[in-house]
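Reading through the structure tokens given below for one structure.
Please treat every number below as a calculation from the coordinates, not as lab data. If you're wondering where the values come from, they're calculated on a predicted model, not measured in any experiment. Neighbour counts are summed over all protein chains in view; Cβ atoms, including those assigned to glycine, are modelled from backbone coordinates with ideal geometry.
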Amino acid sequence: MAQIFEDLGFFIEYHVDNKYIGSLLVDNNDRKEIGYYSRKNEVAEQDILLGKNKVIKKGTKFHTYIYPLCGKKI
């Protein structure tokens, strides 16, 4: 029996030096893969605010992963 889930979106995890910094909710997936294989290595072009006291400063190397939000069963 197939179960159908409502799509709630995705979240992107941000890591600096392999340490989790924070995450942001997004509506659309911008990658082919999801999870560990969705890793992107980037350099911050501007400050990235991830909460009250969590900031990735401009010029910092970081990597991201994208994961789906758990959906609501229809």
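List of remarks:
Yes/no matrix, rows are residues, columns are (1) within 11 Å of the chain's Cα centre (by Cα); (2) not hydroxyl-bearing (S, T, Y):
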{"residue": "L24", "(1), (2)": "yes, yes"}
{"residue": "S38", "(1), (2)": "yes, no"}
{"residue": "A44", "(1), (2)": "no, yes"}
{"residue": "D47", "(1), (2)": "no, yes"}
{"residue": "N53", "(1), (2)": "no, yes"}
{"residue": "I56", "(1), (2)": "no, yes"}
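- Filter pass, I21 being without any contact (Cβ under 8 Å) to a residue 60 or more places away in the chain, among the hydrophobic types (A, V, I, L, M, F, W, C) and on the phi < 0 side of the Ramachandran plot: yes
- Where P68 falls short, out of the listed (1) without any contact (Cβ under 8 Å) to a residue 24 or more places away in the chain; (2) under 28 Å from D7 (Cα atoms); (3) of a type outside the set (D, E): (1)
- The set of residues from segment 54-74 being part of a strand (DSSP E or B), surrounded by 13 or more Cβ atoms within 10 Å (Cβ to Cβ) and of a type outside the set (S, T, N, Q) comprises V55, I56, F62, H63, Y65, I66, Y67, P68.
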